[in-house]
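Comments concern the structure below.
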């Protein structure tokens, strides 16, 4: 019997983000997911080396896997634009329900023996404190990735992303109060994304 899970994951590259906006360069959810994994890894290391005292310990491997699959359901749902997704509580809750159904469908493509490894990545246990904290860190990395995309578009002269950039920046300002590793990333690592190749060399 064939199991189609990884073949479906391979289709992440066909789902573009920022669908209602003019892009100077398209971004698919496979590219985005890799960047979110890299940012999550950086946040984990910043947290572990500088901001660990009194904090919930995180399983690095599990957190990175949560980051890897954080948008996988969008293979089936597509990327619903944020202004639509959060337009009101009814749409938000309905979309969350659709995402859950999509996650279950993707999990059904796995052999049963692998389900215990993958289910917690697609449907994290929010009752578990460590998992909740890991999801929070991944969401912060997701927002940082979105902010980087906005900055890159603005840098390319695309004013289409001006309002999105400000909205994401305001959300990150709230996240920074709770996650000092995000504040450190914003101060120490983010400015480099505005530099040219010659300036980075």
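Counting only the backbone N, which residues of region 55-97 are under 17 Å from the spot 7 Å out from the Cα of residue 174 toward its beta-carbon? Residues 82-93 fall inside that zone. Take the Cα of residue 125, step 7 Å toward its Cβ, do the same at residue 50, and the gap between the two points is 3.3 nm. Rounded if a/c is under 1.5, else prolate if a/b is larger than b/c, else oblate: which is the chain, with a ≥ b ≥ c the root eigenvalues of its Cα gyration tensor? Here the chain falls in the oblate category. Calculated FRET efficiency, residue 26 to residue 113, Cβ-Cβ distance, R0 = 45 Å: about 0.75 to the nearest 0.05. The calculated 222 nm mean residue ellipticity attributable to helices in the chain amounts to -19500 deg cm²/dmol, summing -39500 (n - 2.57) over DSSP H runs of n ≥ 4 and dividing by all residues. For region 61-118, the equivalent ellipsoid derived from the Cα gyration tensor has semi-axes of 24, 13, 9 Å, listed largest first.
Over region 1-41, the alpha carbon radius of gyration divided by the compact-protein estimate 2.2 N^0.38 Å works out to 1.43. Residues 52, 95, arranged from fewest to most other Cβ atoms within 10 angstrom of their Cβ, appear as 52, 95.
Using alpha carbon centroids, what distance separates region 123-201 and region 1-59, in Å? Using only Cα atoms to place each centre, the spacing works out to 12 Å. Each label was represented as a point 7 Å from its Cα along the Cα-to-Cβ direction; for residue 189 and residue 105 these points are 3.4 nm apart.
Calculated FRET efficiency, residue 166 to residue 41, Cβ-Cβ distance, R0 = 35 Å: about 0.80 to the nearest 0.05.
The Kirkwood hydrodynamic radius of region 1-109, based on inverse pair distances between different Cα atoms, is 15.8 Å. Averaged over residues, the count of other Cβ atoms within 10 Å places the peptides 114-125, 23-34 in the sequence 23-34, 114-125, highest first.
We did not get these values from a lab; they are worked out from the coordinates using the rules stated. Being a predicted model, the structure only gives us computed values, none of them experimental. FYI the Cβ positions are ideal-geometry reconstructions off the backbone, even for glycines, and counts take in every protein chain you see.
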